[in-house]
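The structure appears right after this line, and notes come after that.
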Amino acid sequence: MGSALLSYAQASALVAGYADRLRKVRPSSERVSLGAAAGLVLAQPLLADRDQPPFARSTRDGFACRAAEASAHAPLKLVGTTRAGDAPAGPLPKGSAWEIMTGAPVPAGANAVMMLEHVNVAGNKVRLLAPRKLKKGENIVAQGAQARAGDELLSAGTVIRSAQIALAAACGHASLQVFVRPRVAILATGDELVPVESSPLPGQIRNSNAPMLAAMVAAAGGEPWILPPSADNEAALDHALVQTAEADLLILSGGVSAGKFDLVEPALARAGARFHFTGVRIQPGKPLVFGERPFGELPFGELPAKSARIVKKKSRKQCFFGLPGNPVSSAVTFLLFAAPILAALAGSRESTPRFALARLSKETDKHGKPGLTRFLPAHCTFGAAGELPEVALASWQGSGDIAALARSNCFLVIPEEASTLEAGAIVRILLS
Ligand code: AMP
Ligand code: MG
């Protein structure tokens, strides 16, 4: 790696290219019940088991008829009733109509449905109110209009959310073949870190990055595996790196700046790492490290580590990210760079990170460092339909400010060439 740091655009292009290569390796898969499928990724296309809809379906409560007869406004004789759930009925005799409910199969011979609100019923006769006309097919969804039996409705690589679960259920899939989630080792580093449960001594802080990153890993489609934090010394780091050598992805936090006890990079180098970049011109998160190292085998006598869960090719390497330890830096760099790699390992075709446009409600200050793309905690009000969301910077005390991070719901992107952004400007936000 040369000494010049990559710009945000260069680093994100490099990561995107790497993610594309990872996508060529198909992860292993397993079957899960529909109820456990949310957030996972389809490993097989989802096929329609029968025509959708399976029968010509009325979309209204009303009267099935022949459009031409109804449009002539002659009284049509009522000859039957079909409720939702009834078998398809008919045939419909000439000059007649058939009472029908929303969702019910249209009787054979009918080609349109008059809405209840558009007719006059007298005794057992129904008549479309003039001057209204009825078109062939009106208020009917034809059998197979959405899909034919055997059609591919969703492709492999689709992330399963509520709508995909509904579709799978409609097609009779009580379980789905999904990709096994990649196992992501989370290794916080720092002599100052103590577990959440303990009372920190003076100078100590609680390890908040590990649970934060675990939540981000889970949201991005991985299975988090939190390791005990490593102390800032060579032996502890070397040991921890051996323990994590079989994870599908390794996320370290802390120890990548230029300080005397920032020992993560040399430890990774000792573990055989190749670095794709060691620093990006962004703020916060500049010292971020991205690289790969050979998958490891545990030396005899070591405790069994959790092994990689997705297909491991001999040629493949373990990707790692060394995220700067400040919580806001960790969060931003995970979203920007680790999440796309994780999505690729998970077999997902969804593109990430996600950006959106918003209107800036208040001018940003002028403290920007030129040449750095900034991603600052912000709060966005996703306003009324048809209006742009409004975004404002969160007030924050720098990249250690977890409270500001927790009160924000996105990051305002300040391009590297801009020193300030005006109120009212259309700006980009990074969605968290
Ligand atoms: P480092 O990147 O190791 O130089 O750490 C930068 C700052 O982030 C320091 O103030 C650390 O105490 C803090 N920090 C590092 N790791 C964590 C962590 N796991 N949880 C919360 N804060 C952290
Ligand atoms: Mg540290």
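Note down the relative contact order for region 356-432 as a percent, whole number, built from C-alpha pairs under 8 angstrom at least six residues apart. Kindly include the intermediate steps, with their values, before the conclusion.
Values: 170 pairs, mean separation 35.7, N = 77.
About 46 percent, as a whole number.
Using a 1.4 angstrom probe, figure out how much accessible area region 102-158 has per residue, in square angstrom, rounded to the nearest whole.
On the way: 3070 Å² over 57 residues.
Using a 1.4 Å probe on heavy atoms only, each residue of region 102-158 averages 54 Å².
Based on the Cβ-Cβ distance of residue 135 and residue 361, what FRET efficiency does E = 1/(1 + (r/R0)^6) give at R0 = 56 Å, to the nearest 0.05? Kindly include the intermediate steps, with their values, before the conclusion.
Numbers: r = 48 Å, r/R0 = 0.87.
Calculated value: 0.70.
How large is the accessible surface of residue 257 in square angstrom, using a 1.4 angstrom probe and rounding to the nearest 10?
The accessible area of residue 257 comes to roughly 60 Å².
Ignoring ligands, DNA and RNA, please state the percent of accessible area on the chain from carbon and sulfur, probe 1.4 Å.
Result for the chain: 55 percent of the exposed heavy-atom area is carbon or sulfur.
Using a ≥ b ≥ c from the Cα gyration tensor of region 374-432 (square roots of the eigenvalues), is it rounded, prolate or oblate, where a/c under 1.5 gives rounded and otherwise the larger of a/b and b/c decides, a/b for prolate?
Details: a/c = 2.21, a/b = 1.22, b/c = 1.82.
It is oblate, given that a/c is not under 1.5 and a/b is not larger than b/c.
Mind checking the per residue accessible area of region 196-300 for me, 1.4 Å probe, whole number of Å²?
On the way: 4640 Å² over 105 residues.
Roughly 44 Å² per residue, with all protein chains present.
What accessible area per residue comes out for region 359-431, rounded to a whole number of Å², with a 1.4 Å probe? Don't skip to the end; give the middle numbers.
Working: 3890 Å² over 73 residues.
Heavy-atom accessible area per residue stands at 53 Å².
Alpha carbon centre of region 353-426 versus region 70-131: separation in Å?
Each part reduced to its Cα centre gives a spacing of 58 Å.
Pairs 260/369; 260/317; 260/366; 94/125; 286/362: which exceed 20 Å Cα-Cα?
Values: 260/369 25 Å; 260/317 29 Å; 260/366 31 Å; 94/125 14 Å; 286/362 26 Å.
Violating the 20 Å limit, Cα to Cα: 260/369; 260/317; 260/366; 286/362.
Using a Förster radius of 25 Å, what is the FRET efficiency between residue 417 and residue 258 based on their Cβ-Cβ separation? Nearest 0.05, please.
0.45
How high is the relative contact order of the chain, in percent, counting Cα pairs under 8 Å that sit 6 or more residues apart?
Values: 1005 pairs, mean separation 70.2, N = 432.
RCO, the chain: 16 percent.
Mind listing the long-range amide H neighbours of residue 80? Cut-off is under 5 Å, sequence gap 5 or more, other chains count too, H placed in the peptide plane at 1.01 Å from N.
99
Looking at region 347-432, which trypsin sites (Lys or Arg not before Pro) are in a loop (DSSP not H, G, I, E or B) and have at most 11 other Cβ atoms within 10 Å?
Working: sites: 349, 354, 359, 362, 366, 374, 407, 428; in loops: 349, 354, 362, 366.
Loop-located and lightly packed - 366.
Please list, in order along region 256-264, the HN-Hα scalar couplings obtained from phi with the Karplus expression 6.51 cos²θ - 1.76 cosθ + 1.60 (θ = phi - 60°), rounded to whole Hz, x for Gly and Pro.
With coefficients 6.51, -1.76 and 1.60, one gets 10, 7, 9, x, 4, 9, 8, 10, 5 Hz.
What value, in deg cm²/dmol to 500, does the helix sum -39500 (n - 2.57) over DSSP H runs of n ≥ 4 give at 222 nm once divided by the residues of the chain? Numbers along the way, then the final one.
Values: 9 runs with 78 residues, N = 432.
Helices in the chain give a 222 nm mean residue ellipticity of -5000 deg cm²/dmol.
Once both labels are modelled 7 Å past Cα along the beta-carbon direction, what's the residue 226-residue 425 spacing in nm?
Reported label-point gap for residue 226 and residue 425 is 3.8 nm.
List the residues of region 47-79 whose backbone N lies under 14 Å from a point placed 7 Å from the Cα of residue 124 along the Cα-to-Cβ direction.
Of the residues in region 47-79, 76-79 have backbone N under 14 Å from the label point off residue 124.
What residue among 169, 43, 84 shows peak mean-square fluctuation when the chain is described by a Gaussian network model with Cα springs under 10 Å?
Checking each option, the largest mean-square fluctuation is seen for 84.
Highest mean first, how do 268-279, 181-192 rank when packing is the count of other Cβ atoms within 10 Å averaged over residues?
Values: 268-279: 17.6, 181-192: 23.9.
Put in order of decreasing packing, that is 181-192, 268-279.
How far apart, in nm, are two points set 7 Å out from the Cα along the Cα-to-Cβ line at residue 163 and at residue 33?
Placing both labels 7 Å along Cα→Cβ, they lie 2.7 nm apart.
Report the extension gain between residue 145 and residue 409 in nm, rounded to one decimal, defined as 0.36 nm multiplied by the number of residues separating them, less their alpha carbon distance.
Values: separation 264, 0.36 × 264 = 95.04 nm, distance 4.02 nm.
Using 0.36 nm per residue and subtracting the Cα-Cα distance, I get 91.0 nm.
The values are calculated or read from the model by the stated rules, or taken from the named source; none is laboratory data. Given the structure is predicted, the values throughout are model-derived calculations rather than measurements. When we count neighbours, we look across all protein chains shown, and the Cβ atoms used for this are built from the backbone with ideal geometry, even at glycine. Remember, those area values only see protein heavy atoms, side chains included, never the ligands or the DNA or RNA. Shrake-Rupley method; radii C 1.70, N 1.55, O 1.52, S 1.80 Å.
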